[in-house]
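Asks: My structure is below; once you've seen it, I'll send some questions.
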Amino acid sequence: MNFDYTDDQKALKDEARRFLSAVSPLSVVRTALENPDAGYDRALWQRIGEQGWCGAAIPEEYGGIGMGHVELCALAEELGRAVAPVPFASTVYLFAEALLLGGSDAQKSELLPQVAMGALIGTLAVSEGPGVLVPDRVATRFAGGRLTGTKLPVTDGMAADRAVVLASSDEGPGLYLVDLTGAGVERRLVSTIDPTRGAAEIVFRDAPAEPLVGGLGLLAQVQDRAAVLLAFEQLGGADRCLEMARDYALERYAFGRPIGSYQAIKHKLADVFVRNEVARANAYYGAWALSTGAPELPLAAAAARVAGSGAYLLASRENIQTHGGIGFTWEADCHFFYRRARHLGLILGAPRDWKRRVADRLELKLALETAA
Amino acid sequence: MNFDDTPEEAAYRATVRAWIAANAPDLSRLSPEERRNWHPAHKEVARQWQATKADAGYACLSWPKEQGGAGGSAIEEAIFNQEENRAGLQFTYFMTGLHMLLPALMEHNKDAASLARVPPAVRGEEIWCQLFSEPASGSDSAGVRCAAVKDGDEWVINGQKVWNSGAQIADYGMLVARTDPDVPKHKGLTVFWLDMKTPGVEVRPIRMMSGDNELNEVFLTDVRIPDSQRVGELGGGWKVIISTLMNERAALGSGTGLNWRDVMKLAGQVASWDGTALEDPAFREWLADLYVDAEAIRLLSFRTLTSLSKGAAPGPEGSAGKLLWSNLAQTLTDKALDVLDHAGLMDDPDEALLGGAFQHRFLWAPGLRLGGGTDEIMKNIIAERVLGLPGDVRVDKTVPFREIPNGR
Ligand SMILES: Cc1cc2nc3c(=O)[nH]c(=O)nc-3n(C[C@H](O)[C@H](O)[C@H](O)COP(=O)(O)OP(=O)(O)OC[C@H]3O[C@@H](n4cnc5c(N)ncnc54)[C@H](O)[C@@H]3O)c2cc1C
Ligand SMILES: Cc1cc2nc3c(=O)[nH]c(=O)nc-3n(C[C@H](O)[C@H](O)[C@H](O)COP(=O)(O)OP(=O)(O)OC[C@H]3O[C@@H](n4cnc5c(N)ncnc54)[C@H](O)[C@@H]3O)c2cc1C
């Protein structure tokens, strides 16, 4: 039993923090925010690619470093802290994981080495409009090697070279690999509350597509794995919000005292601390389940996502509140976190959807316990 | 990050589980009434179980052997506790003595008379109570007025304590007294241990809002205690208090009592529109939030364990666990009553589901958010000791104790 990163993992995480504070200060986020057409920061993405981070959990036979998923969680935590404007989550947690789990050997051998080098951007295209996605009612169709339908919104849809797309077919719903630079694909940028992570509408008209193996089971697996990794990005962001709020509360005086000496502020930040601890505990458990392939993963992942989404939203909100009027300005950095908190909490399905999954999986757990 | 048992831990768990299964007392022999904390029949079962554990080397697992423990590791102790909880054996009678007070006693007192108190406590033969709080000194735990005045080799104690759990059945107590009212409040405190049968000690029960009698007032009139029963240095009481309170929080924050499983099972048995309450989407959403917190409490206790096994003392972050646990207990019981609807009012152990445990807990829950440090004090600790925010503006810290203003 060990509730912590190992020393090696801590060293990796420290190194990542040093690197990101040098190459990805919050001014980089601001630039991305003010240039929404770019969708992400190309220079930063290149630097991250050079570090080999995209291949952290990709096995060596596919050109990765094959470190493991706890190491990837450590990187995710730091990327979340930095609010890094790069298509890392789409490419690494969603696209690469989908290929690893459901791709043919040919698909993996062709694409994963490029992902690992940072030379290929991928994404997962699932949503088709407002409301909770019901996978077996998806309108996009696959037939005869071609895919037709509209996905909206697709995070990193403009930046991506390839996408894994959810579609129905005569064999039921499943995931399909599509070259977004090829024929039958049209896309346009859509405006979102977090322009530092661009999104697109993608229209497929008879676009050539290859099936991945696994159907909806594959989608659920990919989502669970990504839920854990995103929970670490959420945790990193939430911790940073708390630090910003604490630092400001120590510096800012009102009525002759630091605002951090008023219990209204102290207790607010203590509440944020508690929610961050809840998120941390659940994220760590998820990381363990993810890295060991434990049967607890589906429940642990859903819990990590619910805790992470809630904690980041609260921390980003109360960080603005603690900053007073200045926190509400474009000039202050607080809103980067507020935007990103919502972005991360929605891209894989909203907390409401994941709470439903927690309850479903708890019922399963209880049934298994009773049977045993 | 590893939440799996190592092969050695798994083997130890299997051994312990089998031993508990073979030796555990059968609580189903007790009536629902008798199964409640502090009922003499319940207490007797707890005492026998503690002695059985001590005989087999499972009591105070992580204490050194020469102190009556089993010389095991913190991890082994945690595994044993988990298995005990799993078997439904949650007894709190010995917690105050074994988790909070005696570790402090053993740290500070090396004399034979003091150390002789340890083995009977380990066996459950002697119960300890904590005599810290006073009418005017609860959250403000350094505001103690109970006075100790030196007379030769003895101290003469006069004052009143209150909210003392289990004092009505306790054999020994640990007491905080003011030995110097002319220095600032934190500097004039000293800790003592005493026999609850010492002349001049009078225990009066307090009936709690739940109807139970666990709490007491303790009046001390010219109680004489030898100086050898002083715990720690003269005027060094505050340090002893803090270390016992940290132990208390760590123990409370590891979370016992009704949990998500219980409320889920309850919801599964109760009708709600065209299905059970468990099928109600609003209940399911609430359940998910509850589970996430309950998991955090379970997992954070592993963190405490990880740091204990590296030799660190429980830190201020234990306050998060205590806050989460006490609030979870209250939310959970409220929800269970909601699920039962009108019948949630019924608390007769023979009629209510689960023997009325939720109704009983509902009336207990407010106390959980007060005892062991209130919610507000936990938040102050997190804000000041973890986040490093400034302390409150204080009017009581630097002046002599006798000049501090007081209200009701
Ligand atoms: C949308 C908007 C419109 C506004 N319009 C106007 C306007 O038309 N005219 C105008 O003059 N001003 C206006 N203001 C300014 C507004 O009144 C101030 O922003 C507000 O009073 C807070 O002051 P501050 O920004 O200096 O924050 P601070 O006073 O520095 O507060 C920072 C944080 O500390 C907390 N805090 C401060 N003191 C205490 C205390 N004693 N106890 C507990 N917590 C405390 C605050 O609640 C806040 O969370 C506007 C602000 C906004 C955001
Ligand atoms: C079930 C139970 C068991 C207990 N067992 C024991 C025991 O065995 N031995 C023992 O010695 N004591 C025991 N206590 C006493 C317990 O430690 C005190 O009740 C607790 O510390 C609160 O003190 P108080 O009741 O005097 O309330 P007060 O300290 O008067 O508090 C009243 C309210 O004011 C708030 N408050 C006080 N100070 C501050 C502040 N600085 N900032 C913000 N809010 C503040 C409190 O949070 C609370 O809401 C027990 C209490 C309970 C309920």
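Asks: List the trypsin sites (Lys or Arg not before Pro) in region B:194-230 that DSSP assigns to loop (not H, G, I, E or B) and whose Cβ has at most 11 other Cβ atoms within 10 Å. Which are they?
Replies: For trypsin sites (Lys or Arg not before Pro) across region B:194-230 that sit outside H, G, I, E and B with at most 11 neighbouring Cβ atoms in 10 Å, the list reads B:LYS197, B:ARG207.
Asks: If you count, for every residue in B:259-271, the Cβ atoms of partner chains within 10 Å of its Cβ, what is the mean?
Replies: Details: counts 0, 2, 4, 0, 0, 5, 2, 0, 0, 2, 0, 0, 0.
Average per residue, whole number: 1.
Asks: Further question: Using only alpha-carbon positions, what ratio does the radius of gyration of region A:217-371 give when scaled by 2.2 N^0.38 Å?
Replies: Compactness ratio reported: 1.18.
Asks: Within 10 Å of each Cβ in peptide B:386-398, how many partner chain Cβ atoms are there on average? Round it to a whole number, please. Let's see the in-between values first.
Replies: Values: counts 5, 12, 5, 13, 9, 2, 4, 4, 0, 0, 0, 0, 0.
That average works out to 4.
Asks: Once phi is turned into θ = phi - 60°, what whole-Hz ³J(HN,Hα) does the Karplus curve with 6.51, -1.76 and 1.60 give for every residue of region A:5-12, x standing for Gly and Pro?
Replies: Per residue, the Karplus-derived 3J(HN,Hα) values read 6, 6, 4, 5, 5, 5, 5, 4 Hz.
Asks: Sticking with this one: For peptide A:302-315, compute the average count of partner chain beta-carbon atoms within 10 Å of each residue's beta-carbon.
Replies: Mean shielding by partner chains, rounded to a whole number: 2.
Asks: For the protein assembly as shown, what is the calculated [θ] at 222 nm in deg cm²/dmol (nearest 500), taking -39500 (n - 2.57) for each run of four or more DSSP H residues and dividing by its residue count?
Replies: So the helix-based figure for the protein assembly as shown works out to -15000 deg cm²/dmol.
Asks: Still on this model: What angle do you read, to the nearest 10 degrees and between 0 and 90, between the alpha-carbon axis of helix A:263-292 and the longest principal axis of chain A?
Replies: The helix A:263-292 is inclined about 30 degrees to chain A.
Asks: Mind ranking B:211-219, A:311-319 by how tightly packed they are, going by the mean number of other C-beta atoms within 10 angstrom, highest first? Mind dumping the intermediate values first?
Replies: Details: B:211-219: 18.2, A:311-319: 25.3.
Per-residue mean Cβ counts within 10 Å order the peptides as A:311-319, B:211-219.
Asks: First obtain the Kirkwood hydrodynamic radius of region A:7-119 from its Cα pairs, then insert it into the Stokes-Einstein equation at 4 °C and 1.567 mPa s, and state the resulting D in µm² per second as a whole number.
Replies: For the chosen part, D equals 90 µm²/s.
Asks: If you don't mind, another one. Count charges around B:PHE219 for me, please; just the other residues with Cβ under 10 Å from its Cβ, Lys/Arg as +1, Asp/Glu as -1. Walk me through the numbers on the way to the answer.
Replies: Details: positive: B:LYS161, B:ARG204; negative: B:GLU202, B:GLU217.
After counting each charged neighbour, the total is 0.
Asks: For B:ALA10 and B:ASP171, compute 0.36 nm times the residue count separating them, minus their Cα-Cα distance, and round to one decimal in nm.
Replies: Here the segment from B:ALA10 to B:ASP171 would lengthen by 54.2 nm.
Asks: Using DSSP to define loop residues, name the GluC sites (Glu not before Pro) in region A:146-243 whose beta-carbon has at most 14 other beta-carbon atoms within 10 Å.
Replies: Listed in order of number, the matching sites are A:GLU171.
Asks: Taking the Cα centre of region B:128-241 as origin and charging only Cβ (+1 Lys, Arg; -1 Asp, Glu), how large is the dipole, in debye to the nearest 20?
Replies: The dipole of region B:128-241 has a size of about 240 debye.
Asks: A further question on this structure: Check which residues have an amide H placed less than 5 Å from A:ASP206's amide H, if you skip close sequence neighbours.
Replies: Amide H neighbours of A:ASP206, under 5 Å, 5+ apart: A:LEU147, A:THR148, A:GLY149.
Asks: So what's the projected area for chain B, the Cα convex hull averaged over all directions, in nm²?
Replies: Values: hull surface 87.6 nm².
Averaged projected area of chain B's Cα convex hull equals 21.9 nm².
Asks: On a full-extension model of 0.36 nm per residue, what is the gain between B:ASP182 and B:ARG224, subtracting their alpha-carbon distance, rounded to one decimal in nm?
Replies: On the way: separation 42, 0.36 × 42 = 15.12 nm, distance 2.22 nm.
Fully extending the segment from B:ASP182 to B:ARG224 adds 12.9 nm.
Asks: Please list, in chain and number order, the residues 5+ apart from A:THR155 or on another chain whose amide H is under 5 Å from its amide H, with Hs placed from the backbone.
Replies: A:ALA200
Asks: Taking other Cβ within 10 Å of each residue's Cβ, how do B:GLU84, A:GLU97 sort, fewest first?
Replies: Details: B:GLU84 19, A:GLU97 25.
Final ranking by Cβ density, sparse to dense: B:GLU84, A:GLU97.
Asks: Show me, for region B:134-140, the HN-Hα J-couplings you get by feeding each phi into the Karplus relation (A = 6.51, B = -1.76, C = 1.60, θ = phi - 60°), rounded to Hz, glycine and proline as x.
Replies: 9, x, 9, 9, x, 4, 7
Asks: Helix A:69-82 versus the longest principal axis of chain A: what angle, 0 to 90°, nearest 10, using Cα atoms?
Replies: Helix A:69-82 sits at roughly 50 degrees to that axis.
Asks: Can you tell me how region B:330-372 classifies by the Cα gyration tensor, rounded, prolate or oblate, using a/c under 1.5 as the rounded cut?
Replies: In terms of gyration-tensor shape, oblate.
Asks: Hey, another quick one. Under a plain spin-label model, where a point goes 7 Å from the Cα along Cα-to-Cβ, how far apart in nm are B:ASN406 and A:PHE328?
Replies: 4.6 nm
Asks: By the gyration tensor of its Cα atoms, with a ≥ b ≥ c the square roots of the eigenvalues, what is the shape of region A:171-246: rounded for a/c under 1.5, prolate for a/b over b/c, or oblate?
Replies: Oblate shape, in that a/c is at least 1.5 and b/c is the bigger or equal ratio.
Asks: Which of the lysines could a cross-linker bridge to B:LYS43, judged by Cα under 27 Å and excluding same-chain residues fewer than eight apart?
Replies: Here the lysines satisfying the reach criterion relative to B:LYS43 are B:LYS53, B:LYS65, B:LYS161, B:LYS197, B:LYS322.
Asks: Among the GluC sites (Glu not before Pro) in region B:329-408, which ones are in a DSSP loop with at most 16 other Cβ atoms within 10 Å of the Cβ? Mind listing them? Before the final figure, lay out the partial values.
Replies: Details: sites: B:GLU351, B:GLU376, B:GLU384, B:GLU403; in loops: B:GLU351.
Taking region B:329-408 and a limit of 16 other Cβ atoms within 10 Å, the loop GluC sites (Glu not before Pro) found are B:GLU351.
Asks: Something else about it: Using the Karplus curve 6.51 cos²θ - 1.76 cosθ + 1.60 with θ = phi - 60°, work out ³J(HN,Hα) for each residue of region B:227-232 in order, rounded to whole Hz, and write x for Gly and Pro.
Replies: 4, 5, 9, 6, 10, x
Asks: Now for a separate question. Taking the beta-carbon count within 10 Å as an exposure proxy, list A:SER21, A:SER191, B:SER137, A:SER169 from fewest neighbours to most. Show your work: numbers first, answer last.
Replies: Values: A:SER21 13, A:SER191 9, B:SER137 21, A:SER169 17.
Ranked by crowding around the Cβ, least crowded first: A:SER191, A:SER21, A:SER169, B:SER137.
Asks: Next up: Give the lysines whose C-alpha is closer than 30 Å to that of A:LYS151, dropping any in the same chain fewer than 8 places away, or say none.
Replies: Filter leaves A:LYS108, A:LYS355.
Asks: Over the C-alpha atoms of chain A, what are the Rg and the largest Cα-to-Cα span, Dmax, in Å?
Replies: In Å, with Rg to one decimal and Dmax whole: 20.5, 73.
Asks: For every other residue with a beta carbon closer than 11 angstrom to the beta carbon of B:ILE79, add +1 if it is Lys or Arg and -1 if Asp or Glu, then tell me the sum.
Replies: -4
Asks: For a quick check: with amide H placed at 1.01 Å from N, whose amide H comes under 5 Å from B:VAL223's, ignoring anything fewer than 5 positions away on the same chain?
Replies: Hits under the 5 Å cutoff: B:ILE157.
Asks: Within region B:55-73, list the residues whose amide N lies under 20 Å from a label point set 7 Å along Cα→Cβ of B:GLU125.
Replies: Residues B:55-61, B:63-71 qualify, since their backbone N sits under 20 Å from the label point.
Asks: As a footprinting exposure proxy, order A:MET67, B:MET346 by other Cβ within 10 Å, with the fewest listed first.
Replies: Listed from fewest to most nearby Cβ atoms, that is B:MET346, A:MET67.
Asks: Turning to a different aspect of this structure: Any chance you could give the angle, 0 to 90 degrees and rounded to 10, that helix A:297-323 forms with the longest Cα principal axis of chain A?
Replies: Orientation of helix A:297-323: about 40 degrees from the principal axis.
Asks: Work through the residues other than B:LYS110 whose Cβ is under 15 Å from its Cβ and net out their charges, Lys, Arg +1 and Asp, Glu -1.
Replies: Values: positive: B:ARG117, B:ARG230; negative: B:GLU66, B:GLU107, B:ASP111, B:ASP227, B:GLU233.
The answer is -3.
Just so you know, all these numbers are worked out from the coordinates, no wet-lab data involved. Being a predicted model, the structure only gives us computed values, none of them experimental. Every residue, glycine among them, receives a Cβ derived from its backbone with ideal geometry; neighbour counts consider all protein chains shown.
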